[in-house]
Amino acid sequence: MRITGSAISLNVADPAASAEFVTTHFGFTEQMAADGFVSLAHPEAGMNLIYLRTGLSTFKPERAAGSAGDGLLVVFVVADIDTEYARLQKEGAPIVTPVETEEWGERYFQTTDRNGIIYQLVQWV
């Protein structure tokens, strides 16, 4: 198999709100958009983020039509967690978990968008 790209597709109530969050705070840019759909890219992310409005009739299988919020983390590895934490605080992004360090060397914090998607920024120490 030859993979030519990667994406994560998240079902949310308001795709434009999540798109605005990652555009404003993480530097993603919109690639495509339509009613209930936004696809975004970042030159360093290695994947596109796609937001789909929950309940779209095009979901197949139907069981995939629910919300992406429960138990899902979108994780970005960064070079300097403290700088990113200070930047996002200054920008007013809601911080749901302050910087913590796990015993296995993961230093991270979490923020959320208006749809409840949790974005975790990680630095391995």
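The values are calculated or read from the model by the stated rules, or taken from the named source; none is laboratory data. Values in this document were obtained by computation on a predicted structure and should not be read as measured data. Here the Cβ is made from the backbone with ideal geometry for all residues, glycine too, and neighbour counts use every protein chain on show. For accessibility, only protein heavy atoms count, side chains too; no ligands or nucleic acids. Shrake-Rupley method; radii C 1.70, N 1.55, O 1.52, S 1.80 Å.
So here's what we get for this one:
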quantity	calculated
Residue in the stretch 69-89 that is least open to solvent (accessible area, probe 1.4 Å), counting only those that are among the aliphatic types (A, V, I, L, M) and in a strand (DSSP E or B)	74
Exclusive hit being at pLDDT below 95, open to solvent by 30 Å² or more (accessible area, probe 1.4 Å) and out of contact with any Asp or Glu (no Cβ under 9 Å at 6 or more places or on another chain), set 66, 105, 92	66
Test: residue in the stretch 27-34 that is farther than 19 Å from residue 77 by Cα and among the aromatic types (Phe, Trp, Tyr)	no
Residue match in the stretch 80-102 (condition: within 16 Å of the chain's Cα centre (by Cα), of a type in the set (Phe, Trp, Tyr) and closer than 14 Å to residue 25 by Cα)	yes
Unmet criterion (only one of (1) at pLDDT 95 or above; (2) at positive phi) for residue 36	(1)
Selection from the stretch 27-44 of residues that are under 15 Å from the mean Cα position of the chain (by Cα), of a type in the set (Asp, Glu), within 17 Å of residue 16 (Cβ to Cβ) and not in a strand (DSSP E or B)	none
Subset tally (residues that are open to solvent by less than 40 Å² (accessible area, probe 1.4 Å) and in a strand (DSSP E or B)) for the stretch 45-57	4
Subset of the stretch 105-125 (residues that are within 19 Å of residue 83 (Cα to Cα) and touching a His at 6+ places or on another chain (Cβ under 9 Å))	111, 119
Criterion (over 22 Å from residue 97 (Cα atoms) and modelled with pLDDT of 90 or more) met by exactly one of 18, 6, 57	6
Pairs where the first residue, in the stretch 48-77, is under 21 Å from residue 118 (Cβ atoms) and of a type in the set (Ser, Thr, Tyr) and the second is open to solvent by 70 Å² or more (accessible area, probe 1.4 Å) and modelled with pLDDT under 75, C-beta under 6 Å, 6+ apart	54/67
The stretch 99-125 residues that are free of Cβ contacts under 8 Å to residues at least 12 places away in the same chain, paired with ones that are open to solvent by 10 Å² or more (accessible area, probe 1.4 Å) (beta carbon under 8 Å, 6 or more apart)	100/107; 100/108; 102/108
Hits in the stretch 1-44 (condition: open to solvent by 70 Å² or more (accessible area, probe 1.4 Å) and among the polar types (S, T, N, Q))	4, 24, 29, 31
Filter result (in a strand (DSSP E or B), under 19 Å from residue 23 (Cβ atoms) and in contact with an Asp or Glu (Cβ under 9 Å, 6 or more places away or on another chain)) within the stretch 111-125	119, 121
